[in-house]
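Below is one structure, written out as structure tokens; the observations come after it.
The values are calculated or read from the model by the stated rules, or taken from the named source; none is laboratory data. Here the structure is a predicted model, which means the values were calculated and not measured. Using ideal geometry, Cβ is built from the backbone for each residue, glycine included, and neighbour counts are taken over all protein chains shown.
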Amino acid sequence: MRLKIAEGRLYDPACHWDGEAGDLYIEAGRLVAPLPEVDQVIEARGQVVTPAGLDLRGQVATFGLDFRRLNGGPSLAEVGENYALLGYTHVHEPFLTAWTAGYVQRQLAALPVVDTSASLVVNLRELDLYLGSPEHGEEVGQTLRFLLEATRSLNFRVVEPFVQYRQDFYAHRIIKTEKVLGILTDLARRLDLPLALEASPEVLRAHLPEPAAFHLAGLGPGLADEGLVEAALAQLEAGASADLGLMLPSPGARKPPLPVKIDLGWFNPLDLNPQGDEAVGRRALALALCCQGGQVAFSGANAAQAPVAEYPRLFSWLWDHAARRQDWQDDLGARRYSLSEWIWATRTLPALASGCNTWAAAAPCSRRGKSWWITFAW
Amino acid sequence: MEVRHESIICPGCGCLCDDLDIRLEDDRIVEVGNVCLWGVSRFFHAKKFHPKKERHRLQEPQVRHQGRRSTVSYEAALAAAAEALSRAQRPLIYGLTNSGSWAQEAALRLARSLGARLEPSDLAYKAPYYQSLQRHGVIWAPLEIIRDEADAVLFWGANPIHSAPRHVVRHAVFARGRFTERGLEDRQVAAVDIYKTELAKFCPLFVKIQPGQELDLIKGVAAALTEKAASNPPVKGTRRLAQFLSKATCGVIFCGRGVSYGPALEWFEHLARLLDFLNGQARFFLFPLSGEFNSTGLYHLLLNEVGQAGAPDFGGAEVAAHFTPVDFREVDAVLVTGADLLWFLPEEQVEDLKQRQVPIVVLSPFANRTTGQAAVILPTALAGIEAKEVAYRMDGLPMVLKQVTPSNLPGDHQVLADLERLIKTQD
């Protein structure tokens, strides 16, 4: 199918397009040079044409998420449709483990419309004896590469950058965060892949030996105090990339949510229904407003605190003072994202962070391999 | 020709053991290694726990006409089934806990197009469990984590030797995990039941209660743990059970169908509250022990598609989810697959179905009590042995079951899809 999107206002920071009127030609799902003949023309005069969105942190298929549906919540079909309506064509599930890979991949395959991928969460406890000795670095790298292939994952994620045991008997095998970060830096170099590191207060405070080797995932929930905003900015300035992990405001008086916790063999269980904290959400948004046009991609914190149906509300905070005042009773300063900066944060950066480019909308990791360009009125 | 398959998944029960070794001669299974008696009953068509007593395998579609059953073509049986179901005002699709996920998906589609109610065969047991999760939340773990970490295992109204035999060696009692390297020596095991079951042989603490004492026991344990006075005189074993639970660093309570014979909803409610308390001190999981091989898959599907872990009824303008078993007096046609309905029904309900001449359509690989009364019988291939399927292990992890031997019979998902297509064309 040959397609022409005619006379739209083209935006793509990766190509330095900033609203110029022009035509786009698409053949076999790919952007191509102008074609002499096309099968279909989409008139986009006066409309904005951008690459499709890619959600770096779309918690849609985590093992145990079904239990959240017991108390309401969208079905997979609705989630897929919500993404499509927002102009997203790719969703990246952050929490796939070696045990739960079958479940996660099956759920992702059932997600309609959008392409999908997932991060393999590395449980450092399973490699602890080898992590401590540099001579085993190559073996660890090979093991992880094998697991990446076996679980059909896109990249690695570390949720707990430490090795800790509940059993006293294993006290001699504990490895502290600082040492683990050094080991992970070496591992990232070996694997030639940036490691996604879940942002926690410990990670934000820690010294990253080589910040560019890490992607700090879901900054929002990690911003437990004001000092951590500065710490996060310092990490970003030093070269780390990140995604925001924005969350909806939750009034403090609200009843705590029902626990939905899944023990995946980590030191702490994965909390699929965490309690919101208004101050943390505000810090995440304040950080987002400090980072416009920088190395921080847009993302929601998790399925409970930032469901995809609420993304339009999260987007509106980035560019609309009135929306911020309405939700946060404060406009959090004069800064606001321009359209180009918003496209950079929701399209270009997520594509770069996941090893794709906006032209092909995540083709290397996609099931369907389509590049979709989205037109909408602005 | 001899063929060997290794690491085959067994569709015998909810454990879905993935370590079976199979030897075939000329497409006939002649040897299965690492298999339990439930697995034997599937692979060798034997009666459960009687490996030398053969189960009658259904080979040809049959239709009952004026009280006499005759063998017909697949298309004729399908047409008779479609007619019986589409004529009904209140059709019911029953069972599915012993069917693969593809069959369950096909049955759900069929229920939607028929406007039928879809009833899992273990609704009385599982629905109260999910209702308690709705109110109290859930702490969950895959079976491997339980094997590695749980140092206190309690079976309540559950007898895994009968419902999931290898569960005790692969996941719970004798299994050697990462932090339970000595198996049973690294664990405390207890059981509560109204009969002295096989578990008593290796459970140092076996609490035998009288029927009806379940609630008093659980309230007594909760009172002992929270150091409050119990309202009723304590059931024998209360204090020891409370001590057992309080010593755990990571515990799991496996509950079985036994709990559904009493006031299941109230029981689960109290147990969920107890779990809330225990989780304040150590990690505790509440785990329903599924005998049927894909019961978890069905509830997973219902949660995903309908948003409720009950029996969905597509008969009204809006989909209603029911949490109590269907009243068979309201039903005027039944499709049974992946279950033996008449085995579980009380005799008076069976008689009522017979008297009202409610047509029963059965999809089954084996003859059973329900096929004996069926108006239409559609034989199917054995899911996971003669037909590829997907099933969810009792902890919710999906597994792909391979076809190990060919069959002339269609898989039950195929029959259900054909039935839906036929009913749609009739409309």
* From the set of residues in segment A:106-128 that are touching a helix residue (DSSP H, G or I) at 6+ places or on another chain (Cβ under 7 Å) and assigned to a helix (DSSP H, G or I), which is surrounded by the most Cβ atoms within 10 Å (Cβ to Cβ)? -> A:Q107
* Asked: Considering segment A:139-172 alone, what residues qualify as being closer than 26 Å to A:G218 by Cα, of a type in the set (F, W, Y) and away from chain B (no Cβ under 14 Å)?
  -> A:F156, A:F162
* Quick check: is even one residue across segment B:107-125 closer than 27 Å to B:F202 by Cα and within 19 Å of the chain's Cα centre (by Cα)? -> yes
* Across segment B:139-152, which residue is farthest from the other protein chains (Cβ to nearest Cβ) among those that are closer than 13 Å to B:I253 by Cβ and either assigned to a loop (DSSP other than H, G, I, E, B) or in contact with a helix residue (DSSP H, G or I) (Cβ under 8 Å, 6 or more places away or on another chain) (or both)? -> B:A152
* To do: Check B:E305 against each of (1) surrounded by fewer than 22 Cβ atoms within 10 Å (Cβ to Cβ); (2) within 20 Å of B:A106 (Cβ to Cβ); (3) of a type outside the set (S, T, N, Q); (4) in contact with a strand residue (DSSP E or B) (Cβ under 7 Å, 6 or more places away or on another chain) and name the one condition it does not meet.
  => (4)
* Check on B:R135, of a type in the set (D, E, K, R), away from chain A (no Cβ under 14 Å) and surrounded by fewer than 24 Cβ atoms within 10 Å (Cβ to Cβ) -> no
* Residue pairs meeting the criteria (Cβ under 6 Å; at least 6 apart or on separate chains; first assigned to a loop (DSSP other than H, G, I, E, B) and modelled with pLDDT under 95, in segment A:334-348; second of a type outside the set (D, E, K, R) and crowded, with 22+ Cβ neighbours inside 10 Å) -> A:Y337/A:L318
* **Residue selected from segment B:303-320 under the condition outside any loop (DSSP other than H, G, I, E, B) and at pLDDT below 95, by the criterion farthest from B:L96 (Cα to Cα)** => B:A320
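The rows are residues; the columns are (1) assigned to a loop (DSSP other than H, G, I, E, B); (2) among the small types (G, A, S); (3) closer than 24 Å to A:V121 by Cβ.
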residue	(1), (2), (3)
A:V41	no, no, no
A:T50	no, no, no
A:R57	yes, no, yes
A:A61	yes, yes, yes
A:G73	yes, yes, yes
* **Residues that are in contact (Cβ under 8 Å) with a residue 24 or more places away in the chain and surrounded by fewer than 17 Cβ atoms within 10 Å (Cβ to Cβ), drawn from segment B:4-18** => B:H5, B:D18
* Asked: Of A:G64, A:G102, which residue is crowded, with 18+ Cβ neighbours inside 10 Å, within 14 Å of chain B (Cβ to nearest Cβ) and more than 24 Å from A:Q305 (Cβ to Cβ)?
  -> A:G102
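Matching residues to (1) in a loop (DSSP other than H, G, I, E, B); (2) of a type in the set (G, A, S); (3) more than 28 Å from B:L133 (Cα to Cα):
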site	(1), (2), (3)
A:Q235	no, no, yes
A:S250	yes, yes, no
A:P256	yes, no, no
A:N268	yes, no, no
A:N273	yes, no, no
A:Q292	yes, no, yes
* Search segment B:329-352 for residues being of a type outside the set (A, V, I, L, M) and surrounded by 21 or more Cβ atoms within 10 Å (Cβ to Cβ), and hand back the single one that is nearest to the other protein chains (Cβ to nearest Cβ). => B:G338
* Structure fact -> Looking across segment A:245-263 at residues that are more than 20 Å from A:G72 (Cβ to Cβ) and modelled with pLDDT of 95 or more, the single one that is farthest from the other protein chains (Cβ to nearest Cβ) is A:L246
* Among the numbered criteria (1) touching a Pro at 6+ places or on another chain (Cβ under 7 Å); (2) closer than 24 Å to A:F95 by Cβ; (3) outside any loop (DSSP other than H, G, I, E, B); (4) of a type outside the set (F, W, Y), which single criterion is violated by A:A224? -> (3)
* Go through (1) touching a residue at least 40 places away in the same chain (Cβ under 8 Å); (2) within 22 Å of B:G14 (Cβ to Cβ); (3) more than 14 Å from chain A (Cβ to nearest Cβ) and name the single condition B:F174 misses. => (1)
* **Residue count for segment A:150-172, restricted to those that are surrounded by 19 or more Cβ atoms within 10 Å (Cβ to Cβ) and of a type outside the set (S, T, N, Q)** => 9
* Asked: Restricting segment B:242-261 to residues that are β-branched (V, I, T) and surrounded by 20 or more Cβ atoms within 10 Å (Cβ to Cβ), which is nearest to the other protein chains (Cβ to nearest Cβ)?
  -> B:V252
* Structure fact -> Residue pairs within 6 Å by beta carbon, gap of at least six or interchain, first lying in segment B:185-211 and buried (at least 20 other Cβ atoms within 10 Å of the Cβ), second among the small types (G, A, S), listed first then second, are B:L199/B:A191; B:C203/B:A190; B:C203/B:A191; B:V207/B:G237
* **Residue list for segment B:36-68, restricted to those being in contact (Cβ under 8 Å) with a residue 24 or more places away in the chain and among the basic types (K, R)** => B:R42, B:R55, B:R57, B:R64
* Selection count where residues are crowded, with 18+ Cβ neighbours inside 10 Å, of a type in the set (V, I, T) and closer than 14 Å to B:S86 by Cβ, scope segment B:399-427 -> 1
* For segment A:173-191, does any single residue satisfy the condition of being part of a helix (DSSP H, G or I), within 14 Å of chain B (Cβ to nearest Cβ) and surrounded by fewer than 21 Cβ atoms within 10 Å (Cβ to Cβ)? -> yes
* Asked: Just for segment B:277-295: of the residues that are at the interface with chain A (Cβ under 10 Å from one of its Cβ atoms) and either under 17 Å from B:Q104 (Cβ atoms) or modelled with pLDDT under 95 (or both), which one is surrounded by the fewest Cβ atoms within 10 Å (Cβ to Cβ)?
  -> B:A282
* Asked: Given (1) more than 28 Å from the chain's Cα centre (by Cα); (2) of a type in the set (K, R); (3) under 21 Å from B:F344 (Cβ atoms), where does B:R64 come up short, assuming only one miss?
  -> (3)
* **Filter pass, A:P211 being away from every other protein chain (no Cβ under 14 Å), more than 30 Å from A:N71 (Cβ to Cβ) and either touching a Cys at 6+ places or on another chain (Cβ under 7 Å) or of a type outside the set (A, V, I, L, M) (or both)** => yes
* Of these, B:G291, B:G310, which one is in contact (Cβ under 8 Å) with a residue 12 or more places away in the chain and out of contact with any strand residue (DSSP E or B) (no Cβ under 9 Å at 6 or more places or on another chain)? -> B:G291
* To do: Could you run through segment B:248-289 and say how many residues are in a loop (DSSP other than H, G, I, E, B) and among the acidic types (D, E)?
  => 0
* Picking from A:G58, A:G87, which residue would you name as being surrounded by fewer than 19 Cβ atoms within 10 Å (Cβ to Cβ) and under 30 Å from A:L10 (Cβ atoms)? -> A:G87
